[in-house]
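I have placed the structure first, in the form of structure tokens, so that the comments after it can refer back to it.
Every read-out reported here was derived from the displayed coordinates using simple, explicitly stated rules and does not represent laboratory data. For clarity, every value in this text was computed on a predicted model and none was experimentally measured. All Cβ positions, glycine included, derive from the backbone under ideal geometry; neighbour counts span all protein chains shown.
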């Protein structure tokens, strides 16, 4: 190893996200050491990027874990960028014999927040801090500036904050404001990132359902779809990263000049963060039907052989399909309202978990740091910085558009679980009276669970036989 000044920070895990984050750190002028279990990957990375940072800082590649740790200034600051689960535990176990009190580990992967809390507790006795650090923005965000959601020991965060602040995305055009903020204690950082991904699932599914309606009922060509989404990306409430990239996807062709979107299998895959969000919503007693339906949609899409068996479908041809212009307006209104509900479900879940764990998360601050750098960045987040729920957007016209669109899709057997469950969610929260009085009576009938009466204190039971 060449004689060099010790590094400000180290990074373990040189898959694409890790590589780009390391380059980002070096570009911002911080000396960084890197390590990967596969030496060939480290060698290849250093050969390609080790001497090319914008700041002139060289990236130091290390061969062994001991060499990696010794190359860092104390207290050591180490980012782990490996797959969630056992790989994180293995890296921590490999590091521990070489670390000292006050050293800081930052887990930048999509770890389950309860796993993060367990690791934090196990490291307490050694005086080593673990920060659960959600990072969003994909490969490009990691390189150019992601949205960063760190949670854990506040003192440890303050020691790494100067580096994280420098590498985070700028909030819109205000370079003084960065898309990073301390979330709170314990596993709060990874919890917020988990919910971020749940919202991401929901919005992606909503966009997919809108695409399905426009393509198969509206008969829009790929060029027309691209133009529609481009126009939506210029509006007050649909301007977002996901709408922007969707327009680009519709225009992409292969080497033969064929549209790529029409060649991709309709089997949606997942890595688990959406499922974790749904599980958490059940655990905390908060309904997230749009998010959960998006998870279910990916699960159902995997049953390709079962879907090949044609089942009888009764179509209500009495409902006419509107002309393209009208259908585009209906889908725009529906997408706006459903996206609002997706964000609200996520923020509601964070708020309840925050209260239960006393994490002291600042919800408007989450909306702020999600405004740039992350996958779900959207102009709608401006509303969530100032309103708990922007209900003023739910005009009669837009609600009617959503209801009309659901009627059309249902009549022509277009599955719209996320769109449909969004309206179910809104109508339920708006209902003056729900039929759960009957379910309470049923529970008392077969299980003597009791029920409450309107305007009376206490629990009642009836011999229904």
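Subtracting the Cα-Cα distance from 0.36 nm times the residue separation, let me have the gained length for residue 102 to residue 465 in nm, one decimal. Kindly include the intermediate steps, with their values, before the conclusion.
Values: separation 363, 0.36 × 363 = 130.68 nm, distance 6.75 nm.
Length gained between residue 102 and residue 465: 123.9 nm.
List the relative contact order of the range 317-439 as a percent without decimals, with contacts defined as Cα pairs under 8 Å and 6+ residues apart. Intermediate results must be reported in sequence, preceding the final value.
On the way: 83 pairs, mean separation 42.3, N = 123.
Contact order relative to length: 34 percent.
Rounded, prolate or oblate, given the Cα gyration tensor of the range 12-83, with a/c below 1.5 counting as rounded? Could the numbers behind the result be given before it?
Values: a/c = 1.41, a/b = 1.09, b/c = 1.29.
Rounded, because the longest to shortest axis ratio a/c is under 1.5.
For helix 396-411, what angle does its Cα long axis make with the longest principal axis of the chain, in degrees from 0 to 90 and rounded to 10?
80
Considering just Cα atoms, how many Å³ per residue does the convex hull of the range 9-186 enclose? Display every interim value, and only then the final one.
Numbers: hull volume 18.3 nm³, N = 178.
Hull volume over Cα atoms, normalised by residue count, gives 103 Å³.
What ranking of 192, 69 emerges when the number of other C-beta atoms within 10 Å of each C-beta is taken as an exposure proxy, fewest first? If you can, show how the numbers build up before the last one.
Values: 192 30, 69 21.
Ranked by crowding around the Cβ, least crowded first: 69, 192.
Order of 283, 348, 103, 463 from fewest to most other C-beta atoms within 10 Å? Working shown, then result.
On the way: 283 13, 348 19, 103 22, 463 7.
With the sparsest Cβ surroundings first, the list reads 463, 283, 348, 103.
Nearest 10 degrees is fine. How inclined is helix 436-447 to the longest principal axis of the chain, computing both from alpha carbons?
For 436-447 against the chain, the angle is about 90 degrees.
Give me the angle, in degrees from 0 to 90, between the Cα long axis of helix 16-27 and the longest principal axis of the Cα atoms of the chain, rounded to the nearest 10.
Between helix and principal axis, roughly 50 degrees.
Using label points projected 7 Å from each Cα along Cα→Cβ, tell me how many nm separate residue 40 and residue 221, to one decimal.
According to this spin-label approximation, the distance is 4.7 nm.
Per 5 Å bin from zero, what fraction in whole % of the C-alpha pairs of the range 307-465 is there, up to the bin with the longest pair?
Result, from short to long distances: 1, 7, 12, 13, 12, 13, 12, 12, 10, 6, 2, 0, 0 percent.
Order of 333, 444 from fewest to most other C-beta atoms within 10 Å?
Details: 333 21, 444 18.
So the ranking, lowest neighbour count to highest, is 444, 333.
What is the gain in length, in nm to one decimal, between residue 176 and residue 300 on full extension, counting 0.36 nm per residue of separation less the C-alpha to C-alpha distance? Write down the numbers at each step before the final one.
Numbers: separation 124, 0.36 × 124 = 44.64 nm, distance 4.49 nm.
Fully extending the segment from residue 176 to residue 300 adds 40.2 nm.
Take the range 165-299, compute every pairwise Cα distance, and split them into 5 Å bins from 0; I just need the percent in each bin.
2, 9, 14, 16, 17, 16, 13, 9, 4, 1, 0
Can you list the equivalent-ellipsoid semi-axes of the chain, largest first and in whole Å, using the square root of 5 times each Cα gyration tensor eigenvalue? Please list the in-between numbers first.
Details: eigenvalues 370, 177, 80 Å².
Here the semi-axes work out to 43, 30, 20 Å.
Relative contact order of the chain: what whole-number percent is it, with Cα pairs under 8 angstrom and at least 6 residues apart?
Numbers: 806 pairs, mean separation 61.1, N = 465.
Relative contact order comes out at 13 percent.
Just to be sure I understand: if I project the alpha-carbon convex hull of the range 85-226 onto a plane and average over all orientations, what area do I get in nm²?
Values: hull surface 43.9 nm².
Computed as one quarter of the Cα hull surface, the answer is 11.0 nm².
Given the convex hull over the Cα atoms of the range 197-269, what projected area results after averaging over all orientations, in nm²? Before the final figure, lay out each step's value.
Details: hull surface 21.8 nm².
Taking the Cα atoms of the range 197-269, their convex hull projects to 5.4 nm² on average.
Could you work out how far the C-alpha centroid of the range 335-356 sits from that of the range 219-279, in angstrom?
The two parts, judged by their Cα centres, are 23 Å apart.
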